Amino acid sequence: MNNLEQCLKCNLCTLVCPMMEVNPDYPGPKKAGPDGERYRLKDPAFFDYALKYCLNCKRCEVACPSDVHIGDMIQAARIKYGSQAKAKGLRGLRDWTLASTDLVGSLASPFAPVVNEVLQLKPVKSVMDGMLGVDKHRTFPKYSKQKFVNWFRKQDQSGFDRFVSYFHGCYVNYNYPKLGQDLVKILNAAGYGVHLLEKEKCCGVALMSNGFAARAKKQGAVNLASIRKAAEAGEPVLTTSSTCTFTMRDEYPDVLGLQNSDVRDNIMLATKWLYEKISSGEIKLKFRKDFRMKVVYHTACHMQKMGWQLYSIELLRMIPGVTLTVLDQNCCGISGTFGFKKENYGFSQKIGSKLFEDIRTSNPEYVATDCETCKWQIEMSTGIPVLNPIEVLAEAIEL
Amino acid sequence: MRFDVIIIGGGWAGCTAAEPLVEAGKKVCIVSEGLSLSAVKYESPYARLATLQKQGAVVLRGDRAISGKIEDGKVVEIRTRNMDEPLVADEYVLATGKFFSRGLLSDKEHIWEPVFGADVVYDPDRTKWFDPDFEAPQPFMKFGVKTDAEGRVLVGGKAIVNLTAVGDICNE
């Protein structure tokens, strides 16, 4: 994992780092990653607190011609040496709240209508901005009145002889059950029943980036145990979030040290699974004849790191009536909880500006992307609605 | 997944090969592991690849061609690191560059081309790989894959009919 000696110092990573472009305080991937690691191995006192600016977008790793795990190195260093840099006081409370997607979601959804209203009130926003450091420009994703899992329990999945498992993630469960519902609809229409995992926890990505790696590791172990059970039953575990998928497949072993090689191939995005089944003829879907949609596809950073954008893109291209343009891959700037923090808001919007401009000039009806935090950022910054490719597909098929 | 042409390498040579093909309406896939050093010349590092993508080319950024399957003197498919399934095309272009971009790999005695195992022209005497004068043109920079008069790559002495080498990877 720590292959710093492979670095040839070519600086191509520096060239593509979105943070480097907008923030002179960030030393850049080469210095923060392999160069800094050399020093940190000598003496942990060399740890540079500016590493907190790393978005963990992995664009450096995608650009690296020598396959150096630059982003992993930075993440690991933050976990190993940076824990004492965790924010204290109110900012610490904020980071804890932003990171605890599962717990906060469970607490908020019973009171969803009230919570949603309150979080939109100007005075509440300025208090959160001033005291907690949650930027007032941000709107929290709305909590759903009914959790996805509660909806799912009422769905009869008994009439099928083939099954897949679904890892819904926090966003689908607490905020946006529609995406999960759409996937269940598609899978059922294709002749597959859906199971949920025996136990599902947040994948832990927000915990890792806010300095709670130990908790992330605990949750990861719970998820992997359930994923193993699904694998034993011969069921692939499908997901609808590129970041959850990337975290469970690659960050678990590379950053948290959780061994997952036995089930890694079993975790995949629903778009990839569907593409493969449809193109091999195993699944036949009936498409609506009157369906028309002008879509641009935004490749989320983690999607690109996995290299799976092709599956989502080709799946969209299979849908009759879809006019698709693939945008240049640029970071949207939000990077999960990073962009919610007051001190990062400016960087976040500056980084995303290229993408927003690109979207505006394409003037689509919808933007399609596989990442929920990209969705919040793009909707807030361009006003153009964003859909997961699964939602586009669900709308295009005849049921 | 099927394409008309698969181009391995998204640097200067790969993009130059791709542009007329994409313009002619061919379905092109570009496997671009890492960014090419030639990217520093452009306003934005991914400029050429991004344009090709907008015109309909499929660009696999950060993916690496691992192996190519050759049957009866023809490439039938390649495998990449990120994709589970093989990528298939009528024509293949090898544009992976030399040592920096790992189009050519080496140890102390050998130099080889990792995707297809193409024939590589190099001096078997390792002492002749380098000129001790640092500023002199280095002999190892002339090593590269063997091609026939039409630029088709030789593997085991035989030209592969649907595999063309372009750019730095060629032997001078």
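The values are calculated or read from the model by the stated rules, or taken from the named source; none is laboratory data. Since we're looking at a predicted model, the values are computed, not measured. Cβ atoms come from the backbone with ideal geometry, glycine included; neighbour counts cover every protein chain shown.
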Practice task
Kindly list the number of the only condition in (1) among the basic types (Lys, Arg); (2) within 16 Å of residue A:57 (Cβ to Cβ); (3) within 14 Å of chain B (Cβ to nearest Cβ); (4) in contact (Cβ under 8 Å) with a residue 40 or more places away in the chain that fails for residue A:350.
Solution key: (3)
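Answer yes or no as to whether residue B:152 is at the interface with chain A (Cβ under 10 Å from one of its Cβ atoms), within 13 Å of the chain's Cα centre (by Cα) and either surrounded by 13 or more Cβ atoms within 10 Å (Cβ to Cβ) or of a type in the set (Gly, Ala, Ser) (or both).
For residue B:152, the condition - at the interface with chain A (Cβ under 10 Å from one of its Cβ atoms), within 13 Å of the chain's Cα centre (by Cα) and either surrounded by 13 or more Cβ atoms within 10 Å (Cβ to Cβ) or of a type in the set (Gly, Ala, Ser) (or both) - is not met.
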Problem - Residue within the stretch A:111-133 that is in contact (Cβ under 8 Å) with a residue 12 or more places away in the chain, touching a helix residue (DSSP H, G or I) at 6+ places or on another chain (Cβ under 6 Å) and not in a helix (DSSP H, G or I) present - result: yes
Practice task
Evaluate the following for residue B:13: is it modelled with pLDDT under 95, facing chain A (nearest Cβ under 10 Å) and not in a loop (DSSP other than H, G, I, E, B)?
Solution key: no
Practice task
Answer yes or no as to whether residue B:37 is touching a Cys at 6+ places or on another chain (Cβ under 7 Å) and more than 9 Å from chain A (Cβ to nearest Cβ).
Solution key: no
Handout entry: Residue in the stretch A:341-354 that is out of contact with any helix residue (DSSP H, G or I) (no Cβ under 7 Å at 6 or more places or on another chain) and either among the aliphatic types (A, V, I, L, M) or within 15 Å of residue A:312 (Cα to Cα) (or both) present
Key = no
Practice task
Just name the residue that is nearest to the chain's Cα centre (by Cα) out of those in the stretch B:50-69 that are within 11 Å of chain A (Cβ to nearest Cβ) and under 19 Å from residue A:67 (Cβ atoms).
Solution key: B:64
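For the stretch A:149-169, indicate whether the set of residues that are buried (at least 18 other Cβ atoms within 10 Å of the Cβ), assigned to a helix (DSSP H, G or I) and out of contact with any strand residue (DSSP E or B) (no Cβ under 8 Å at 6 or more places or on another chain) is non-empty.
For the stretch A:149-169, residues buried (at least 18 other Cβ atoms within 10 Å of the Cβ), assigned to a helix (DSSP H, G or I) and out of contact with any strand residue (DSSP E or B) (no Cβ under 8 Å at 6 or more places or on another chain): absent.
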Problem - Within the stretch A:17-36, considering residues that are small (Gly, Ala, Ser) and in a helix (DSSP H, G or I), the one nearest to the other protein chains (Cβ to nearest Cβ) - result: A:33
Problem - Flag if residue A:294 is touching a strand residue (DSSP E or B) at 6+ places or on another chain (Cβ under 8 Å) and of a type in the set (Lys, Arg) - result: yes
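Here's a check for you: in the stretch B:108-149, which residue that is among the basic types (Lys, Arg) and part of a loop (DSSP other than H, G, I, E, B) is nearest to the other protein chains (Cβ to nearest Cβ)?
Here the answer is B:108.
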Fill in the blank from the handout: Output for Cβ contacts, cut-off 8 Å, separation at least six or different chains, first residue over 15 Å from residue A:70 (Cβ atoms) in the stretch A:31-47, second surrounded by fewer than 13 Cβ atoms within 10 Å (Cβ to Cβ), reads A:44/A:80
Exercise for the section: Identify, from the list A:49, A:81, A:53, the residue that is more than 14 Å from every other protein chain (Cβ to nearest Cβ) and within 24 Å of residue A:374 (Cβ to Cβ). Expected result: A:53
Practice task
Mind telling me which of the residues A:14, A:97 ends up being within 14 Å of chain B (Cβ to nearest Cβ), closer than 26 Å to residue A:374 by Cα, at pLDDT below 95 and surrounded by fewer than 22 Cβ atoms within 10 Å (Cβ to Cβ)?
Solution key: A:14
Problem - Unique match (being within 14 Å of chain A (Cβ to nearest Cβ) and touching a residue at least 24 places away in the same chain (Cβ under 8 Å)) among B:94, B:105, B:87 - result: B:87
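From B:77, B:19, grab the single residue that is more than 11 Å from every other protein chain (Cβ to nearest Cβ), farther than 28 Å from residue B:124 by Cα, part of a helix (DSSP H, G or I) and in contact with a Lys or Arg (Cβ under 9 Å, 6 or more places away or on another chain). Please lay out each step first, then the result.
Working: B:77 fails: part of a helix (DSSP H, G or I).
Sole residue among the options that is more than 11 Å from every other protein chain (Cβ to nearest Cβ), farther than 28 Å from residue B:124 by Cα, part of a helix (DSSP H, G or I) and in contact with a Lys or Arg (Cβ under 9 Å, 6 or more places away or on another chain): B:19.
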